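Just below is one structure, and these are the notes that go with it.
The values are calculated or read from the model by the stated rules, or taken from the named source; none is laboratory data. The shown structure was predicted, so the numbers you read here are calculated from the model rather than taken from an experiment. Cβ placement follows ideal geometry from the backbone for every residue including glycine, while neighbour counts extend to all protein chains displayed.
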Amino acid sequence: MTAHPTSNKPLDGVNVLDFCWVAVGPMTTKYLGEYGATVVRVESAKRPGTLRRGAPFKDGISGINRSAYFASYNANKMGITVDMRHPRARELMLRMAKWAHLVTENFTPGTMESWELGFDQLKEVNPGIVMFSTSMMGRGGPMERQPGFGPVLSSLVGLTNLTGWPDRDPVNPYGAYTDFIVPRFAVAAILAGLDRSRRTGEGIHIDMSQLETNLHFSAPVLLDYAVNGREQSRMGNRDPGAAPHGAFPCSGDDRWIALSCSNDDQWEGLQRTIAPDGVGWPHNPDFATFLGRKANEDELEKLLSNWTSSWEVGALMETLQSAGVPAGMVNDCRDLFDDAQIQHRGHFQWLDHPEIGPYATDTSEMVFSVSPGSLDTPAPLLGQHTSHVLKELIGLSDDEYKSLEEDGVLE
Amino acid sequence: MPGTQEGIDFLLAPYRVLDLTDERGLLAGKILADLGADVLQIEPPGGSPARNIGPFYGDDPRPEKSLFWWAYAANKRSVTLDLERKDGRALLERLVAEADFLIESFEPGYLEGIGLGYDHLAGINPRLVMVSITAFGQDGPYSNYQASDIVGMALGGFMYLTGDDDRAPVRISFPHFYIHGAAAGAAAAMLAHTYRVTSGQGQYVDVSCQQAVAKTLAHAPQIWDIEGAILKRMGVYRQTSGENRVRINWPCKDGYVNYMVQGGTVAYSTRALLAWAEEDGLDVTELNAVGWEELGYGAITPELMTQLSGPLGEFFIGHTRAELVQGSLDRRILLFPVATPSALQGHPQLEARGYFKEMEHKELGATVRYPGAFVKSGDGRDIAGLYRRPPLIGEHNLEIYQGELGLSVQEIESLKRIGVI
């Protein structure tokens, strides 16, 4: 068995030994699997990863193979179970490292070293190997072992400070937001590392601090402090370059339209839509110039909200877009599945999982003209591919395999 | 020679990128430039529109002083070129012949319309990897929609889940819609490059920012797909299971801290916090009596949360952020700062890792502290970094047009005179 039987993908032939867990690592290696790499996830049956225990579960019943959260981030991967604390685990993993071009992990720094599987040791058996390590704070430094997870990191990197209403407490960007910023940087860096290894024959250890990576998503804000001494903070939905600019209520329960006017054409499109005969509040001289709209933004938002609230949100989006006004409905997750563009792109794909049944997972946001990716296999059951990987991919004999099994290494 | 930068031996040193993007796509080329690629930013004469985005150095709104530009153009070189003119297109074609990557973020169909679509460029250089970054992708029902940041964050599903439940959904006050797509553009470029290495063939990649944002929603789409439930925004709270939620952010004396009450394996953190509150003279007798060790993730009920809010709120507001952060380190409490830009500037971990890099802006007589490389080597080698301050408009015109393409001084003068460069 191979994970991707019919393939013409960028990463065909790239072998990945994947120790990543939770979200940031698995999302990174999901891209690699989607584009052709053979990704083998190492899990432990004794200490199953966080996401395997994370909702939603099929029929609401929890179970180690029933999390759709785990299943989404681990499509196209194979899974093996190894008890890393077993004395024979190291030798087995070094055999895997000979097979691999890339080893990935997102443990607290020092964990791989504690198993004597640090970069130096991996390089001894495979000089060209690329190792990718990512942790919250990066390797070294006084806080390298600081615990935490997504919602914590949003606060640490300054994004929480930039989110919410100025007259209220700041709020976190939804979920473990920073976990989803890091993977694209990670994929670029990993492939750059593999490219260099291919050219030079020399392995490399890539160390990615999620704190440092995320700061690139607010770099101008940091520069503003560095050179101007200004502490930027949350502005609700306001924007210095547009007025109106916000989310406004539509008919129905919790329905909203996001819209913005950053130039006269867009504002005139909005005027024409609200007051086509040239009469009414949009033609109030207070709103005639951009600075006028900015100075009277509270009033403008109030009048606009009155107008939007009688509209059905989808119809309003289409009407405003055809008038040249940037507008979009505030999609909830059901809307997202129904969204015409998301459907056109084939964003969600359903895979058939032996315990969950058909489940939705997201495909990549990229469409390749020659070598497209695809998600073909559901996430592995715990330990599903242990025998296949060890016997077929790295060539363990039946006896060797049996001995590892009897010794309790493969748990 | 294209694609080799003097003194720079980072991961992507052999490669040349033509970056035609504006503010929507600058980060893609920045990521590749940080990894060592030779990135030529192609600006229209007069400069990129991204240079009009504030804040500005010294609050002086000039194109050479945009901090947005600085942040996302550092490490790149700049040449100016008017794509709307035949001579401009001819120059671009000459650059394409020697380039490895071209990245662009125009409206779908724009380049095709001026005769610079992928098919034409691939005719010049079949090995070219071309990446387009747009709001919704090159085709489909929204492909001609106008999309500002807030519109994209809404359509991507992010906003509905963010903000207070009694007000409108909110975006992040720094625009993320396009830079999610731009970061994906860098990953896409490297995937296509990897294919080129084995096949010899270039290709075209079409990136959707809406999809990139939809990929930030964690398990919210799966909760709709599997449970038929629609997750909603809940302000400073985080849903842990069913009706249960815990508060994430709390006001303190001079800002905010992040603290999530947890039991089970991290009950020690809650116990330590309660002990500290007690030292402050707060009455936490009832909270001490809770069996925290037995409360797993998701087991903090709304009643317990309400009971906690009074004393904890009072405790936090009595201390500064620095006191809370230091005290929590000493007492093994899982509490973190809600960091502001000033706190990040002096962050002990960032300092220890040498994250920020000083770069000299000679023309301003200033040295500026920049966020550094997003990645390091774990084995002490230089694989990425900051090595060139952001370019002035067309700063490298001579270097490229004369030095590389061999145009004469006369020709360059003519092109300037007729407004092509």
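Side notes on the structure shown:
- Meets criteria (among the small types (Gly, Ala, Ser) and at the interface with another protein chain (Cβ under 8 Å from one of its Cβ atoms)) for A:GLY118: no
- Count of region A:165-179 residues, restricted to those that are touching a residue at least 12 places away in the same chain (Cβ under 8 Å) and either out of contact with any helix residue (DSSP H, G or I) (no Cβ under 7 Å at 6 or more places or on another chain) or crowded, with 24+ Cβ neighbours inside 10 Å (or both), is 8.
- Residue tally, condition in contact with a helix residue (DSSP H, G or I) (Cβ under 6 Å, 6 or more places away or on another chain) and over 15 Å from B:ILE223 (Cα atoms), over region A:346-377: 8
- Filtered residues of region A:383-407 (kept if part of a loop (DSSP other than H, G, I, E, B) and surrounded by 13 or more Cβ atoms within 10 Å (Cβ to Cβ)): A:GLY383, A:GLN384, A:HIS385, A:ILE394, A:LEU396, A:ASP407
- Within region B:197-214, the residues that satisfy the criterion of being assigned to a helix (DSSP H, G or I) and surrounded by 24 or more Cβ atoms within 10 Å (Cβ to Cβ) are B:CYS209, B:GLN210, B:GLN211, B:ALA212, B:VAL213, B:ALA214.
- Residue check for B:GLN146: assigned by TED's automatic domain parsing to the domain that holds B:LEU26, of a type in the set (S, T, N, Q), closer than 21 Å to A:ASP179 by Cβ and in contact with a strand residue (DSSP E or B) (Cβ under 9 Å, 6 or more places away or on another chain): no
- The residues of region B:195-252 that are of a type in the set (Phe, Trp, Tyr) and over 30 Å from A:GLY36 (Cα atoms), listed by number, are B:TYR237, B:TRP250.
- Qualifying residue in region A:144-153 (condition: assigned to a loop (DSSP other than H, G, I, E, B), at pLDDT below 95 and in contact with a Leu (Cβ under 8 Å, 6 or more places away or on another chain)): yes
- Considering only residues in region B:52-85 that are polar (S, T, N, Q) and not in a loop (DSSP other than H, G, I, E, B), the one that is farthest from the chain's Cα centre (by Cα) turns out to be B:THR80.
- Of all residues in region B:92-112, none satisfies being assigned to a helix (DSSP H, G or I), of a type in the set (A, V, I, L, M) and within 14 Å of another protein chain (Cβ to nearest Cβ).
- Hits in region B:238-256 (condition: of a type outside the set (S, T, N, Q) and within 9 Å of chain A (Cβ to nearest Cβ)): B:ARG238, B:ILE248, B:TRP250, B:PRO251, B:GLY255, B:TYR256
- Qualifying residue in region A:71-89 (condition: outside any loop (DSSP other than H, G, I, E, B), of a type in the set (S, T, N, Q) and over 30 Å from B:ALA188 (Cβ atoms)): yes
- Hey, A:ALA219 surrounded by 17 or more Cβ atoms within 10 Å (Cβ to Cβ), touching a residue at least 60 places away in the same chain (Cβ under 8 Å), within 7 Å of chain B (Cβ to nearest Cβ) and within 28 Å of B:ARG233 (Cβ to Cβ) or not: no
- Selection from region B:357-376 of residues that are surrounded by 19 or more Cβ atoms within 10 Å (Cβ to Cβ) and either part of a loop (DSSP other than H, G, I, E, B) or of a type in the set (Gly, Ala, Ser) (or both): B:PRO371, B:GLY372, B:ALA373, B:PHE374, B:VAL375
- Evaluated against (1) touching a helix residue (DSSP H, G or I) at 6+ places or on another chain (Cβ under 6 Å); (2) facing chain B (nearest Cβ under 9 Å), A:ASN106 falls short on exactly one condition, (2).
- Entry remark, region B:165-215: residues being in contact (Cβ under 8 Å) with a residue 60 or more places away in the chain, touching a His at 6+ places or on another chain (Cβ under 9 Å) and closer than 22 Å to A:HIS245 by Cα number 4 in total.
- Residues that are surrounded by fewer than 18 Cβ atoms within 10 Å (Cβ to Cβ) and without any contact (Cβ under 8 Å) to a residue 12 or more places away in the chain were ranked within region A:110-155; the one that is farthest from B:GLY354 (Cα to Cα) is A:GLU124.
- As for region B:36-47, it holds at least one residue that is assigned to a loop (DSSP other than H, G, I, E, B) and within 12 Å of chain A (Cβ to nearest Cβ).
- Flag if B:ASP100 is more than 29 Å from B:GLN146 (Cα to Cα) and surrounded by fewer than 19 Cβ atoms within 10 Å (Cβ to Cβ): no
- Just one of the listed residues (B:ILE150, B:ILE172, B:ILE133) is in contact with a helix residue (DSSP H, G or I) (Cβ under 8 Å, 6 or more places away or on another chain) and more than 7 Å from chain A (Cβ to nearest Cβ), namely B:ILE133.
- Residue check for A:SER154: under 16 Å from B:LEU217 (Cβ atoms), more than 7 Å from chain B (Cβ to nearest Cβ) and of a type in the set (Ser, Thr, Tyr): yes
- Condition check for B:ALA299: over 17 Å from A:GLN210 (Cβ atoms), under 29 Å from the mean Cα position of the chain (by Cα), among the aliphatic types (A, V, I, L, M) and not assigned by TED's automatic domain parsing to the domain that holds B:PRO390: no
- Among the residues of region B:203-227, just one is more than 7 Å from chain A (Cβ to nearest Cβ) and within 17 Å of B:LEU161 (Cβ to Cβ), namely B:VAL213.
- Counting only strands (runs of 3 or more DSSP E) that sit wholly inside region A:329-381, those with at least 1 residues that are within 17 Å of the chain's Cα centre (by Cα) and of a type in the set (S, T, N, Q) are A:348-353, A:357-362.
- Any hit, region A:277-287, residues being in contact with a Phe, Trp or Tyr (Cβ under 7 Å, 6 or more places away or on another chain) and in a helix (DSSP H, G or I): no
- In this structure, A:GLY314 does satisfy being assigned to a helix (DSSP H, G or I), within 14 Å of chain B (Cβ to nearest Cβ), within 23 Å of B:ILE230 (Cβ to Cβ) and not hydrophobic (A, V, I, L, M, F, W, C).
- In region A:1-52, of all residues being surrounded by fewer than 24 Cβ atoms within 10 Å (Cβ to Cβ), small (Gly, Ala, Ser) and closer than 30 Å to B:GLY200 by Cα, the one that is modelled with the lowest pLDDT corresponds to A:ALA3.
- Within region B:232-263, considering residues that are over 31 Å from the mean Cα position of the chain (by Cα) and farther than 20 Å from B:LEU329 by Cα, the one modelled with the lowest pLDDT: B:GLY242
- Restricting region A:158-217 to residues that are aliphatic (A, V, I, L, M) and within 19 Å of B:PRO169 (Cβ to Cβ), the residue that is nearest to the chain's Cα centre (by Cα): A:ALA176
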